[in-house]
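The values are calculated or read from the model by the stated rules, or taken from the named source; none is laboratory data. Just so you know, these numbers come straight off a predicted model, no measurement behind them. Cβ coordinates were reconstructed from backbone atoms using ideal geometry, including for glycine residues, and neighbour counts include every protein chain displayed.
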Amino acid sequence: MVTPRATRGSALLGVWLLSVSVVAAQQPTNFVSCPIVRDTASVPCWLAEYNGELYFLTLQTDVSAPVNPPSLGHRVLVEGTVSTEPRICGGIVLKPVHLSVLERDAACNTMLPAEERYNLTFEPPRPPGPSGGRLAFANSAPASPPAPTTGSTREFVVSYSFDGLIGFTHAGALTGILNFARTANAREIEIVGHRGAVRLSNGQTIVEEPTIGKKRAEQIAMLLQGANLKGPAYKVSWRDEAATADGVDDHLSRRVVVTVR
Amino acid sequence: MTRWITAGTLAGWIAITLAVSAQTGSRPWWAPGDATPLADFATYQNDRGAVGVLNTSGRLETKGHPFFEPIGANGRACVTCHQPADAMSLSVRTVRERWEATGGKDPLFAAVDGMNCPHLPPDDPRSHSLLLDRGLIRVALPWPPRNPDGTRIDPEFTIEVVRDPGGCNTHRTYGLESANPTISVYRRPRPVANTKYTTHQNFGVGPFIAKSGLPTATDPETGRPTSMNLMSDARAPTLAVQAQDAAAQHLQLTGRLTAAQLAAIVRFEQQVYVAQVSSPAAGSLVEVDGPPAFGPRQLAAGDAGVLGNNTTRYVFPMGEKWNRLPRTANESDNARNAARESIARGHDVFMFRTFWIRDSMHLNTVGLGNPTKRTCATCHGMHMTGLDTVNGWMDIGTTNLPWASEVPLNPWNEAKPQMPLFRVTCKPEVKPHPYLGRVIYTQDPGRALISGRCNDVGTIVMQQFRGLSARAPYFSNGSAATLRELVDFYDRRYNIGYSDQEKQDLVNFLGAL
């Protein structure tokens, strides 16, 4: 029979062995996989396996999180960089990391129960229940740019998940464009939609759907007009050709550039 | 559970209604045109004690007041479906009492929406089964939907009628294939009270909907974004728009409310607050040193549109006094204290009991992950009401299959399902619903009938938690007859695993709000 002490010792050994990673730090690591939820004594961890290794993607926090957890029932595109931080929940930490919820896949349904050896060794930004009275990342918002004056010009970049359109993360960005255009009495809004691509770590390149640049550009125009920004002339265009992908910061290719003048 | 109605069940509830009325007395019915003034503060008995109705502007003369007068063609007034004794909503118990008292002649049962469909034979309870059994009013919506300026929205999905027990959705005059294509859904009247919370301009209200990035509906008078938490499908952005729409649709007012009528209605709706004030077991809920969560006066004084899903403000601030109360030789005091402790425990279940929330549209899609380990207060986070602070439509499965109540048919039961059933198919050029796929079966497409969006199918704006004891049944489709059934739905939907004690405590807590 294994005693509790021996079990704990084995667990620690396991954790140590897992810590001896053969994955080099700062290495771009891009893959498509099923996300995994691992519960802890506080908030759950989100993980994914790739090439025989387990990666830590993010924690459950709240709506202010810079990285939002993915979704069971769907595959996830992971675009990350291996960090030197200690493993979290048994996974190699990818930081920074960008996650895209992909197509539905009923096989992506792994929920792992809490185990003491995987409990967090730090206080999470947000507990699973009520907060302490502030959003988890409320203080990380960048300072507002200077107020525009009439005739000002500014370029805004709206970023997307893979094959994604406008979602809950975009309300703030759209409000920024709207407010600038109103304050600056904008005459023209130029919107250019882009189609992205990602080079995966296995050498494969995946590209977004052919019409995504058009959809993104037209949607931004529709949303701004829907918010009653009807004074400026809209100049809407898009790029059908996908961006070139090299596996480094490929997420930046999924964007719409809005120039307000 | 799906409600089944037959002549037998109708006779059953009539008998039960009469028996209950004989024991406890009927609910006071506020008839249109009743010139009785509405007191500055009044209480009305219900099965869980009494609900309080507070007029912050003092006693209201209802004679000539457009909220209380039958200003439309069918003899109804706003108060018909927003009864003070029912927490400014309408309980199914009151509906049944009116049927008994008037033989179905009360304007409440008007054919336009108090029947399952206007073409059905009047005065037959089967023609009114959704109102009599679930307290549901027919809501007829144009298809495809239209923008506020009247232009047609190109919906992301097609919709077919799979089942039509009331006959309205397939009717040649009223249905989807009629000259004016219309979809009929059946919904509970919401409480017209505590409206500073449902119409707040605070946290989460901006030009773009916080959960989707789409443009927020604006106040047509001011152009300001609204919270879109007023109606179950958020189709009316303001009290004024809702009043005009309701006067035309439900009161059959020809023409429009005058500016003076509109102002009087809105002013009244902004001054009235409701909440439970007493409980037979727990006694007064509004003692001077009691928990600040309770009673309409606390609601009137509270801050609107602020987050309470935290340990600084709380959704329903209880304090700690009721957590542990003394026991004495007085059995009555002990029983009261035990009931109060149950309410306090129920609050803690609401606030702190985690469970996995999964596949709920507009919750699991807003950055928390799917699933997310959270609590009731995650969604029901607005201080003092349990509303959402941001635009609050969400799909928890009350109308969408597989979670909506659908009892499988069998050869031993002649009863048939009451609710309509629609098949929604998301068009090929649109991404399928992330949790339900491309084909969705629903009893009520909810917000999607207004937005035309696949991701909105079956999403319903969550309700405030106030006056619940006065206005059963619950959920927009009245599918939970009691608070226990409401709790059981969540327990089943999210595999929460509540203990019997947790369920009872939660029911006692909700019943005290």
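Table: residues versus (1) within 30 Å of B:ALA293 (Cβ to Cβ); (2) surrounded by fewer than 21 Cβ atoms within 10 Å (Cβ to Cβ); (3) within 14 Å of chain A (Cβ to nearest Cβ); (4) not hydroxyl-bearing (Ser, Thr, Tyr).
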| position | (1), (2), (3), (4) |
| --- | --- |
| B:HIS362 | yes, no, yes, yes |
| B:THR385 | yes, no, no, no |
| B:ALA404 | no, no, no, yes |
| B:LEU409 | no, yes, no, yes |
| B:GLN418 | no, no, no, yes |
| B:CYS426 | no, no, yes, yes |
| B:GLU429 | no, yes, yes, yes |
| B:TYR435 | no, no, yes, no |
| B:PRO445 | no, no, no, yes |
- Note on the structure: Considering the stretch A:88-128, residues that are over 27 Å from B:HIS433 (Cβ atoms) and among the polar types (S, T, N, Q), and then whichever is nearest to the other protein chains (Cβ to nearest Cβ), we arrive at A:ASN119
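Conditions (1) part of a strand (DSSP E or B); (2) free of Cβ contacts under 8 Å to residues at least 12 places away in the same chain; (3) under 29 Å from A:GLN219 (Cα atoms); (4) more than 22 Å from the chain's Cα centre (by Cα), marked per residue:
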position	(1), (2), (3), (4)
B:GLU177	no, yes, no, yes
B:ILE183	yes, no, yes, no
B:TYR186	yes, no, no, no
B:PRO191	no, no, no, no
B:TYR197	no, no, no, no
B:PHE203	no, no, yes, yes
- Residues being within 14 Å of another protein chain (Cβ to nearest Cβ), out of contact with any strand residue (DSSP E or B) (no Cβ under 6 Å at 6 or more places or on another chain) and farther than 21 Å from B:GLN504 by Cα - total across the stretch B:309-350: 5
- Restrict the check to the stretch B:203-223 and report whether at least one residue is away from chain A (no Cβ under 13 Å) and touching a Ser or Thr at 6+ places or on another chain (Cβ under 6 Å). no
- Those residues that are basic (Lys, Arg), out of contact with any Asp or Glu (no Cβ under 9 Å at 6 or more places or on another chain) and touching a residue at least 40 places away in the same chain (Cβ under 8 Å), I need them from the stretch B:350-394; list them, please. B:ARG358
- Message: at the interface with chain A (Cβ under 8 Å from one of its Cβ atoms), touching a Pro at 6+ places or on another chain (Cβ under 7 Å), modelled with pLDDT of 95 or more and over 18 Å from A:GLY133 (Cβ atoms): is that true of B:ARG358 in this structure?
- Response: yes
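One line per residue, one yes/no per condition, for (1) within 30 Å of B:ILE450 (Cβ to Cβ); (2) of a type in the set (Gly, Ala, Ser):
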| site | (1), (2) |
| --- | --- |
| B:LEU230 | yes, no |
| B:ALA247 | yes, yes |
| B:GLN252 | yes, no |
| B:GLY255 | yes, yes |
| B:GLU269 | yes, no |
| B:GLN276 | no, no |
| B:PHE294 | no, no |
| B:ASN323 | no, no |
- Note on the structure: Wholly inside the stretch B:290-406, helices (runs of 4 or more DSSP H) that include 3 or more residues that are within 23 Å of B:GLY458 (Cβ to Cβ) are B:376-379
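Being out of contact with any Asp or Glu (no Cβ under 6 Å at 6 or more places or on another chain) and of a type in the set (S, T, N, Q) is the filter here, so list the residues in the stretch B:395-425 that pass it.
B:THR398, B:ASN400, B:SER405, B:ASN410, B:ASN413, B:GLN418, B:THR425, listed by residue number.
Only residues that are within 18 Å of B:ALA217 (Cα to Cα) and of a type in the set (Lys, Arg): list them for the stretch B:436-457, please.
Scanning the stretch B:436-457 gives B:ARG447, B:ARG453.
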- Query: Would the stretch A:142-157 turn up any residue that is surrounded by fewer than 18 Cβ atoms within 10 Å (Cβ to Cβ), at pLDDT below 95 and within 12 Å of another protein chain (Cβ to nearest Cβ)?
  - Reply: no
- Message: Within the stretch B:458-466, does at least one residue satisfy the condition of being modelled with pLDDT of 95 or more, assigned to a strand (DSSP E or B) and in contact with a Cys (Cβ under 9 Å, 6 or more places away or on another chain)?
- Response: no
